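The values are calculated or read from the model by the stated rules, or taken from the named source; none is laboratory data. Just so we're clear, the structure is a prediction, and the values are computed from it rather than from any experiment. Counting neighbours? That spans all protein chains shown, and the Cβs are built from the backbone with ideal geometry, glycine included.
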There are 2 protein chains.
Amino acid sequence: MSNSLSELITLTAMSRRWLKKSPILLLAFFWPVAPAVAADDVLPSWNDGPAKSAIIAFVQATTDKSSPQFVPPAERIATFDQDGTLWVEHPMYTQVLYCLDRVPAVAKAKPELAAVEPFKTVLSGNHEAIAKLSMDDLFKILAATLTGMSVEEFRIESKKWLDTAKHPRWKRPYTELTYLPMQELLKYLRDNGYETWIVTGGGIEFVRAFAAETYGIPRWQVVGSSINNKFKLVDGKAQLERLPEIDFIDDGPGKAIGINSHIGLRPIAAFGNSDGDIEMLEYADSGKDAHFEMMVHHDDAKREYSDNR
Amino acid sequence: MSNSLSELITLTAMSRRWLKKSPILLLAFFWPVAPAVAADDVLPSWNDGPAKSAIIAFVQATTDKSSPQFVPPAERIATFDQDGTLWVEHPMYTQVLYCLDRVPAVAKAKPELAAVEPFKTVLSGNHEAIAKLSMDDLFKILAATLTGMSVEEFRIESKKWLDTAKHPRWKRPYTELTYLPMQELLKYLRDNGYETWIVTGGGIEFVRAFAAETYGIPRWQVVGSSINNKFKLVDGKAQLERLPEIDFIDDGPGKAIGINSHIGLRPIAAFGNSDGDIEMLEYADSGKDAHFEMMVHHDDAKREYSDNR
C-alpha cells in the first residue's frame with residue numbers, strides 16, 4: 001500500500017445538488033508524516049477532527065444495542081466507489097490503461113487492426129495523440145481488448161497485468177496505490193459487523209480480479225458495469241464468452257439499481273468522490289434513520305494529483 | 001418446516017443430455033418415519049446410502065487440507081435451485097399463486113381491470129378457467145401484480161402474503177413447505193465453510209423476501225429473474241420503481257450467467273431438479289477438479305405431488 005498517495009484526503013462536496021440537500025462533511029483530514037498513534041486508535045491515518053469523530057460516532061451508534069440508532073448486523077451495509085475513492089484514478093482510469101496496454105497483444109493476434117484507427121495511434125506510442133482519442137475510439141479499444149474471450153481467460157489476463165504493470169508516475173503496481181485511510185475504514189467497518197461492498201463504474205470483472213487481495217472484499221461483493229456474456233459448450237466444457245455488448249452501466253442512478261440488484265438492501269453508509277456517486281449517496285440517505293454519507297476528494301497537487309494540474 | 005413434504009426425495013436424472021455427459025447419482029434416499037439418528041449424523045433426514053455418502057465424502061475431500069481435492073474457503077460455493085429443489089412447486093409456482101392472490105387488490109385500485117381478461121377470469125374464482133389461462137394472460141397478471149410499486153413496497157406486500165397465505169393442499173404457510181433433507185444439506189455445507197446461494201428462475205425480490213428467515217441465506221446470496229427498476233426522487237427521497245420490463249431470466253443458460261454476475265466464481269457444488277438447472281450443473285461440472293452436482297426429484301404420489309398426477 002502506498003503511503004505517499006494517502007497522506008492527504010480532502011473531504012468536500014462534489015455537487016451543488018448534493019450540497020443543497022444534505023448536511024455535508026466539508027472537512028480536511030491529514031495524515032501526519034510520523035503520526036502519534038494511540039494503541040486503541042481505530043483509524044490511525046485519519047487526523048483527529050470532525051470527519052473521524054463523525055465516522056466513529058456513527059459506527060458506535062449503529063452497533064450499540066442500547067442505542068436508538070442500533071442496526072442489526074444483517075443490515076449493516078457499507079458501499080464504496082472505487083476509482084478516486086479507494087485508489088488513484090489519475091492520469092486516467094486504471095482499466096483504460098489496461099486496455100491501452102493490451103492493444104499490442106490484440107494487434108498481434110489480429111494484424112489487420114494495426115493499420116486502422118484508433119489502434120494505429122495507440123500502437124504509435126504517441127501519448128499526445130492517444131490523449132486526444134475520442135469516446136468512440138475509446139469504445140472500439142475497450143471492445144477489442146475486454147471482449148471475445150472467456151470470463152476465466154479475461155480474469156487471468158487482467159490479473160497478470162495488475163501483477164506486473166506500474167503506474168507511470170509512482171512506478172508501483174496499481175494495487176499498491178490505494179488510500180490508507182480508506183483501507184483502515186474498510187477494516188474498521190468490517191470489525192464492527194459491516195459488510196463492505198465496492199460499487200464501481202468500472203468493469204465488475206476487472207475489479208474482482210484484485211478486490212479480495214487488495215481490499216479484503218470477496219468477488220461477490222463487487223458491483224460494477226458489465227457486458228453481456230454468452231453460455232457456450234466448448235469441447236463439452238461450459239464457458240461464458242464475453243460479448244462486445246454493454247449489459248449495465250453502474251454509474252449515477254445505475255449505482256442505486258446495481259446495489260439493489262446485487263445486495264438487495266439499501267446501504268446505511270456510502271462513500272464516493274464524484275457526481276457519479278450522488279445517487280448512491282441519496283439512496284443511502286433516503287433509507288433508515290441511521291445513515292452516513294461521505295464524499296472524499298483528493299486534490300493536493302504536491303502529494304497527489306490536482307484536478308487543476 | 002414440513003416433515004410431511006420431506007419424507008421422500010428421489011434422486012434421478014432429468015435430462016438425456018445431462019445423463020449422457022456425467023456420472024449421475026441415480027438413487028433414492030428415504031427418511032424413515034422414526035429415524036434412528038446417530039448423535040454425529042450430519043444429515044439425519046437422509047437415508048444411509050450412496051447419495052448421502054457421496055455428499056459427505058465430497059465435503060470431507062474439499063475441506064481437508066491434506067486432501068488433493070482441498071478447496072480454500074473463499075472458493076467453496078454451492079448453488080441451489082429453489083422451486084422444486086428447496087421447497088414445493090406444486091400445484092404451481094408459489095410466486096404465481098401470489099400474483100393470482102394479488103389480483104383483487106389490483107382490481108380494487110384500478111376498477112377498469114375487473115371487466116377485462118384475464119383479470120375477469122381470475123376474479124371469478126373459477127379454478128378450471130384459471131388453470132387454462134395462456135402464457136400471455138399470465139404475463140399480463142404478472143406485470144399488473146409485480147410492478148408499478150417501489151422495491152420496498154413490493155417487499156412489504158410479498159412478505160405480508162408469505163406470512164398469511166396457506167398452501168391449498170397442506171394448509172400451511174409456503175415457507176414451511178421446504179425439504180428438510182435440503183435444509184440439513186444447506187446447514188451442513190455452511191458448517192463446512194461453504195457459501196450457500198439460491199439460483200432461482202423465480203423473481204429475485206420475491207425469494208429475497210423469505211430467504212434469510214427460511215433458509216438462513218442473506219438477501220445478496222439470492223440470484224434470480226428480475227425486472228428493470230427506475231431510480232426516482234419522490235418528495236426528495238430516492239426510490240427504485242419496479243417497471244413492467246423484463247431485465248433478466250435466470251433459467252437455463254441464464255443460471256450460469258446469473259451466477260457469474262452475482263457470485264463471480266463457478267460453484268463447486270450445484271443442486272437442481274429440472275431441465276432449467278442443467279446449465280448450472282454443467283457450469284459447476286466444467287470448473288475445478290473437485291465438484292459435485294445433484295438432481296433431486298420428488299415424485300412420490302402418496303406423500304408428495306406426483307409428476308403423473
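Okay, here's what the table says:
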quantity: Members of the stretch A:160-187 found to be closer than 25 Å to residue A:47 by Cβ, at pLDDT 95 or above and among the polar types (S, T, N, Q), listed by number; calculated: A:183
quantity: The listed residue being in contact (Cβ under 8 Å) with a residue 24 or more places away in the chain, over 28 Å from residue A:250 (Cα atoms), within 11 Å of another protein chain (Cβ to nearest Cβ) and buried (at least 23 other Cβ atoms within 10 Å of the Cβ), out of B:293, B:282; calculated: B:282
quantity: The stretch B:254-267: number of residues that are assigned to a loop (DSSP other than H, G, I, E, B) and either within 11 Å of chain A (Cβ to nearest Cβ) or more than 18 Å from the chain's Cα centre (by Cα) (or both); calculated: 4
quantity: Residues of the stretch B:221-253 that turn out to be outside any strand (DSSP E or B), without any contact (Cβ under 8 Å) to a residue 24 or more places away in the chain and surrounded by 18 or more Cβ atoms within 10 Å (Cβ to Cβ), as a count; calculated: 0
quantity: Selection within the stretch B:49-88 - in contact with a strand residue (DSSP E or B) (Cβ under 7 Å, 6 or more places away or on another chain) and without any contact (Cβ under 8 Å) to a residue 60 or more places away in the chain; calculated: B:49, B:52
quantity: Selection count, the stretch B:268-277, where residues are over 12 Å from the mean Cα position of the chain (by Cα) and crowded, with 23+ Cβ neighbours inside 10 Å; calculated: 3
quantity: Qualifying residue in the stretch A:195-204 (condition: more than 24 Å from residue A:94 (Cα to Cα) and over 12 Å from the mean Cα position of the chain (by Cα)); calculated: yes
quantity: Boolean, residue B:188 is away from every other protein chain (no Cβ under 14 Å), among the aromatic types (Phe, Trp, Tyr), under 30 Å from residue B:64 (Cβ atoms) and surrounded by 15 or more Cβ atoms within 10 Å (Cβ to Cβ); calculated: yes
quantity: Boolean, residue B:140 is on the phi > 0 side of the Ramachandran plot and free of Cβ contacts under 8 Å to residues at least 40 places away in the same chain; calculated: no
quantity: Number of the exception - residue A:197 against (1) touching a helix residue (DSSP H, G or I) at 6+ places or on another chain (Cβ under 9 Å); (2) more than 9 Å from chain B (Cβ to nearest Cβ); calculated: (2)
quantity: Test: residue B:216 is more than 8 Å from every other protein chain (Cβ to nearest Cβ) and closer than 27 Å to residue A:251 by Cβ; calculated: no
quantity: Test: residue in the stretch A:150-161 that is touching a residue at least 60 places away in the same chain (Cβ under 8 Å) and surrounded by fewer than 16 Cβ atoms within 10 Å (Cβ to Cβ); calculated: yes
quantity: Any hit, the stretch B:233-241, residues being over 19 Å from residue A:253 (Cβ atoms), more than 8 Å from chain A (Cβ to nearest Cβ) and among the hydrophobic types (A, V, I, L, M, F, W, C); calculated: no
quantity: Scan of the stretch B:97-115 for residues that are hydrophobic (A, V, I, L, M, F, W, C) and in contact (Cβ under 8 Å) with a residue 60 or more places away in the chain, ordered by number; calculated: B:97
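Residue-by-condition table, conditions (1) charged (D, E, K, R); (2) assigned to a loop (DSSP other than H, G, I, E, B):
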site: B:128; (1), (2): yes, no
site: B:137; (1), (2): yes, no
site: B:141; (1), (2): no, no
site: B:153; (1), (2): yes, no
site: B:157; (1), (2): yes, no
site: B:160; (1), (2): yes, no
site: B:163; (1), (2): yes, no
site: B:167; (1), (2): no, yes
site: B:170; (1), (2): no, yes
